[in-house]
Amino acid sequence: MHVLLPARHLLPSLLCYKPHYRPISSLSIAPALVRSEGHSGGRWVPATSTFPVLDPSSGRELLSVSDFGVQETREAVRSAHTAFQSWRVTLAKERSVLLRKWSELMMQNKEDLAKLITAENGKPLKESLGEVVYAASFLEWFSEEARRVYGDFIPSPAKNKRILAVKQPVGVATIITPWNFPSAMITRKVGAALAAGCTVVVKPAEDTPLSALALAELADQAGIPGGVYNVTPCSRQKTPTVGEVLCTDPLVAKISFTGSTATGKVLLKHAADTVKRVSMELGGHAPLIVFDSANLDQAVAGAVASKFRNSGQTCVCSNRLLVQKGIHDAFVQKLAAAMNKELFVGSGFDERTTQGPLINERAVEKVEKQIQDAVARGARVVCGGKRHSLGGTFFQPTLLSDVTTDMMCTQEETFGPVAPVIKFDSEEEAIAIANSVNVGLAGYFFSQDPAQIWRVAEQLEVGMVGVNEGIVSSAEAPFGGVKQSGIGREGSKYGIDEYLEIKYICYGGL
Ligand code: NAD
């Protein structure tokens, strides 16, 4: 029989070192990449006011950034529309070369870009470097896809007619992105948009505009024409009005959004009045199922990887761990031991850190509330469970057992370092719990039984399935969700279609 380690044995090594505030000037980032003004029509543009970008490790200000309002945003949209007239007719090969150059510049500057991500988002520098490489891979991938936008020649039902279908760029695309991947959520969209011949106006999250602006500098250096990639940074206060402009302006043809399902619904309503095309990458609530047939070590490694990346702040993080009764106790014990051994909380600039701070106080409050609710309803804190002694927005990686489906943490996305474990009896029960929510982005399961693998992979109501694997994203694979997790796919050979219209040409009189 397996005995669970008491929480006090796990806590000491989860307590680490004090984070140090690192002013942005001390990070030795190339000055050209540290930008505080918006980018519109190929120029750096100030606004009448600014807003502070904060270091999540200390809550101190990193930089004041131009706070774009309605007027500056409309100008950015106009710049994008003007640039679209010439960008749409560039050769696919020309767009391909420019995107590749942009990607190469990202790789050449990857250390500096990673420092910017860690400074504004807090994630460990190693993860930030991984994000930059991942982000650059979308520009590289779509530089290749730009040259493969094929149409169709369709057999005609009439002898005197020929039927063609050609693909054309939709126009100006509004790109609204979250703070959890300040660089990759932009390039995954912008790579596809630019490859298709669209121009973009990017509104980055208020917490993390610096990466978006650094990308604008590199776009300029790559030779991407002014007005093709515009950035409109703005504060949380101005976001609703700026967002409305970006989603209702008649010059905008397409909205591509990554963020919460709640915000996505607001933007879908905005889109309705002018019938804009939409792509929505929204919230998740991923199940991670461990069957009795699983390889235990593989399941534990997969759970750590999928749960604790970016301190649990990714849309594809496993959010509900469903563990079959025969393997349950061993799994909980091994997962607790792995968390204790592998997870270090601290400043993203400290080499040992695997868990940076949460993005802000609201995020910590949500995590605390979910844990309190779970404990009040009978869950057991196996390890963690509290704010970290480092203070600020640092939180202890937390493992909860005896979790039931009436608890808040099993009903809504956590977006923090909490792993709640639900025990189940049968495969049917696990699938029913996994599919009982109204979102479906990623889902993971661990099994060594081939028939079970096919059954479960096909039945999970999600857009992406990890089988014996906790990390599934790549530029080559289609990313996206079902149900209220979104509309459309990003990356892969499908991603570019989100920015293309199909035009049918009937050539008659032959
Ligand atoms: P959020 O919805 O609060 O913010 C996302 C973006 O929308 C930010 O740029 C924000 O400023 C903007 N925004 C907010 N209100 C707006 C409005 N009224 N008009 C226009 N723009 C508005 O989400 P968040 O907290 O930044 O990000 C976390 C969420 O994003 C989670 O739910 C996560 O699952 C989701 N996410 C999804 C994916 C995916 O690919 N499906 C990827 C990353 C994050």
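The values are calculated or read from the model by the stated rules, or taken from the named source; none is laboratory data. Source: prediction; values computed, not measured. All Cβ positions, glycine included, derive from the backbone under ideal geometry; neighbour counts span all protein chains shown. Quick note on the areas: whole protein, heavy atoms, side chains included, nothing else; ligands and nucleic acids left out. Shrake-Rupley method; radii C 1.70, N 1.55, O 1.52, S 1.80 Å.
Reported count of residues in the stretch 90-118, each being of a type outside the set (A, V, I, L, M) and closer than 16 Å to Ala196 by Cβ, is 7. Checking each residue in the stretch 58-71 for being part of a loop (DSSP other than H, G, I, E, B), surrounded by 16 or more Cβ atoms within 10 Å (Cβ to Cβ) and not polar (S, T, N, Q) picks out Asp67, Phe68, Gly69. A count restricted to the stretch 29-48 and to residues that are polar (S, T, N, Q) and either touching a residue at least 24 places away in the same chain (Cβ under 8 Å) or in a helix (DSSP H, G or I) (or both) stands at 2.
One residue alone among Glu427, Glu413, Glu476 is open to solvent by 30 Å² or more (accessible area, probe 1.4 Å), more than 13 Å from the ligand (Cβ to nearest atom) and among the acidic types (Asp, Glu), and that residue is Glu476. Restricting Gly488, Gly470 to residues that are open to solvent by less than 30 Å² (accessible area, probe 1.4 Å), within 14 Å of the ligand (Cβ to nearest atom) and in contact with a helix residue (DSSP H, G or I) (Cβ under 9 Å, 6 or more places away or on another chain) narrows the list to Gly488.
Within the span defined as the stretch 97-116, one or more residues are out of contact with any strand residue (DSSP E or B) (no Cβ under 9 Å at 6 or more places or on another chain), open to solvent by less than 50 Å² (accessible area, probe 1.4 Å), at pLDDT 95 or above and farther than 30 Å from Ser311 by Cα.
Cβ separations smaller than 7 Å between residues 6+ apart or across chains give the following pairs from the stretch 254-271 residues that are within 14 Å of Arg489 (Cα to Cα) and touching a residue at least 12 places away in the same chain (Cβ under 8 Å) to residues that are more than 7 Å from the ligand (Cβ to nearest atom) and acidic (Asp, Glu): Ser256/Glu498. Evaluation of Val403 against the conditions (1) farther than 27 Å from Gly326 by Cβ; (2) more than 16 Å from the ligand (Cβ to nearest atom); (3) of a type in the set (Val, Ile, Thr) shows that the sole unmet condition is (1). Sort through Ala135, Ala146, Ala165 and tell me the only one that's out of contact with any helix residue (DSSP H, G or I) (no Cβ under 8 Å at 6 or more places or on another chain) and modelled with pLDDT of 95 or more. That would be Ala165, the only listed residue that is out of contact with any helix residue (DSSP H, G or I) (no Cβ under 8 Å at 6 or more places or on another chain) and modelled with pLDDT of 95 or more. Of the residues in the stretch 169-190, not one is in contact with a Ser or Thr (Cβ under 8 Å, 6 or more places away or on another chain), open to solvent by 10 Å² or more (accessible area, probe 1.4 Å) and more than 13 Å from the ligand (Cβ to nearest atom).
Against the definition (within 15 Å of the ligand (Cβ to nearest atom) and either among the basic types (Lys, Arg) or in contact (Cβ under 8 Å) with a residue 12 or more places away in the chain (or both)), how does Trp102 come out, yes or no? No, not satisfied. Somewhere in the stretch 119-128, is a residue more than 18 Å from Ala192 (Cβ to Cβ), of a type in the set (Asp, Glu), over 16 Å from the mean Cα position of the chain (by Cα) and modelled with pLDDT of 95 or more? No: zero hits. As a summary of the residue check, Val201 satisfies the conditions (1) touching a helix residue (DSSP H, G or I) at 6+ places or on another chain (Cβ under 8 Å); (2) within 25 Å of Pro56 (Cα to Cα) except for the one numbered (2). For the stretch 285-332, the set of residues classified as away from the ligand (no atom under 13 Å from the Cβ), open to solvent by 10 Å² or more (accessible area, probe 1.4 Å), among the hydrophobic types (A, V, I, L, M, F, W, C) and in contact (Cβ under 8 Å) with a residue 60 or more places away in the chain consists of Ala294, Ala301, Val304, Ala305, Ala330, listed by residue number. As a summary of the residue check, Lys341 satisfies the conditions (1) touching a helix residue (DSSP H, G or I) at 6+ places or on another chain (Cβ under 9 Å); (2) closer than 14 Å to Thr414 by Cα except for the one numbered (2). Taking Tyr499, is it away from the ligand (no atom under 16 Å from the Cβ) and either more than 19 Å from Arg148 (Cα to Cα) or at pLDDT 95 or above (or both)? When the stated conditions are applied, Tyr499 passes them. In the set (1) surrounded by fewer than 24 Cβ atoms within 10 Å (Cβ to Cβ); (2) more than 23 Å from Ala299 (Cα to Cα); (3) away from the ligand (no atom under 16 Å from the Cβ); (4) touching a residue at least 12 places away in the same chain (Cβ under 8 Å), Asn360 fails one condition alone, (3).
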